[in-house]
Amino acid sequence: AQSVWGYDSDNGPERWHENYPLAKGDKQSPIEINSKDVQHDSSLSSWHASYDPGAAKTILNNGRTCRVVFDDTFDRSVLRGGPLTGAYRLRQLHLHWGSSDDHGSEHIIDGVKYAAELHMVHWNPKHGNFAGALKQPDGVAVVGVFLKVGNTPKPEMKRILEEIENIKTKGKEAPFLHFDPSILFPKSRDYWTYHGSFTTPPCEECITWILLREPIEVSSDQMAKLRSLSKNGENEPVSPLVDNWRPPQPLKGRTVRASFK
Ligand SMILES: NS(=O)(=O)c1ccc(C(=O)N2CCCN(Cc3ccccc3)CC2)cc1
Ligand SMILES: [Zn+2]
């Protein structure tokens, strides 16, 4: 049987197109962003997140990332403004990270790879449900926050990292209540935006990306904590969950806009 997709040499990003043809589309993510090619768009408004901490439900290790899931059965935690029309519902957040501090992000900014990248995934309720939204070009909006290793680590990441102990192996899930993910946003609201895809299979091209310019700082110990997750199940040989990032994809003539000069 075909091995399930992953990030190893036999099932990694170079082979995803064999089972997921969209992976070779012309609006794929992530991308490299070069400031010299970015267009400042003064018509871009600022984005606003109004999240209900009570919407947080669980945190899980699905063998590919660490994901926090939110109640998205009504407009409870929403993102609006910026390049978006209407209110998009927060469904989940997750991360991508490397095997060492010098790489791990999916988007690369002026050649800089960050240690990790946090994705907050929202969907457009005008398309009924998440499954319907991912068939639409304006179906999904993902806010990307870069994690940079520094000396003034963000205490707000602690809550997620403390929970890692309880979800060490694939399939483990734990309650994760009363959590407002907007505490993870940096001070600046400056962002880049472009149209792209899920960075994992099936790679549908339904995402309005909103990438925050200012990284948040984490410590090297916090990154080590993230790397202590395993992609194997409880009674399987230990395989560290690291390098769960897709390399940059061809821009294919797309425009990347900046909300800032
Ligand atoms: N890295 S990212 O680009 O931010 C990203 C965001 C979300 C997902 C995600 O949740 N996916 C991918 C597509 C949808 N599938 C299947 C599905 C589940 C429920 C109803 C319909 C389809 C779920 C898995 C993956 C990657
Ligand atoms: Zn992601």
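The values are calculated or read from the model by the stated rules, or taken from the named source; none is laboratory data. Quick caveat: nothing in here was measured; it's all calculated off a predicted structure. Reconstructed Cβ throughout: ideal geometry from the backbone, glycine too, with neighbour counts over all protein chains shown. Quick note on the areas: whole protein, heavy atoms, side chains included, nothing else; ligands and nucleic acids left out. Shrake-Rupley method; radii C 1.70, N 1.55, O 1.52, S 1.80 Å.
Tabulated data for the structure shown
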{"read-out": "Residues (of a type in the set (Gly, Ala, Ser) and buried (at least 16 other Cβ atoms within 10 Å of the Cβ)) located in the stretch 37-68", "value": "Ala49, Ala55, Ala56, Gly63"}
{"read-out": "Contacts under 6 angstrom Cβ, first residue in the stretch 245-261 being farther than 25 Å from Leu95 by Cα, partner assigned to a loop (DSSP other than H, G, I, E, B), 6 or more apart", "value": "Lys252/Asp26; Phe260/Asp190"}
{"read-out": "Candidates Glu163, Glu234, Glu204, Glu214, filtered to the one that is in a helix (DSSP H, G or I) and not polar (S, T, N, Q)", "value": "Glu163"}
{"read-out": "Residues being modelled with pLDDT of 95 or more and either hydrophobic (A, V, I, L, M, F, W, C) or touching a His at 6+ places or on another chain (Cβ under 8 Å) (or both) - total across the stretch 154-184", "value": "10"}
{"read-out": "Some residue of the stretch 224-234 being of a type in the set (Gly, Ala, Ser), in contact with a Pro (Cβ under 9 Å, 6 or more places away or on another chain) and open to solvent by 20 Å² or more (accessible area, probe 1.4 Å)", "value": "yes"}
{"read-out": "Strands (runs of 3 or more DSSP E) wholly inside the stretch 1-114 containing at least 3 residues that are touching a His at 6+ places or on another chain (Cβ under 9 Å)", "value": "66-70, 78-81, 88-97"}
{"read-out": "Count - residues of the stretch 129-144 that are touching a Ser or Thr at 6+ places or on another chain (Cβ under 8 Å) and more than 9 Å from ligand 1 (Cβ to nearest atom)", "value": "2"}
{"read-out": "Test: Ile160 is open to solvent by less than 10 Å² (accessible area, probe 1.4 Å) and closer than 22 Å to Gln39 by Cβ", "value": "no"}
{"read-out": "Tally of residues being open to solvent by 50 Å² or more (accessible area, probe 1.4 Å) and within 14 Å of ligand 2 (Cβ to nearest atom) across the stretch 116-151", "value": "0"}
{"read-out": "Pick from the stretch 69-88, criterion within 30 Å of Val4 (Cα to Cα) and open to solvent by less than 40 Å² (accessible area, probe 1.4 Å), ranking: farthest from ligand 2 (Cβ to nearest atom)", "value": "Asp71"}
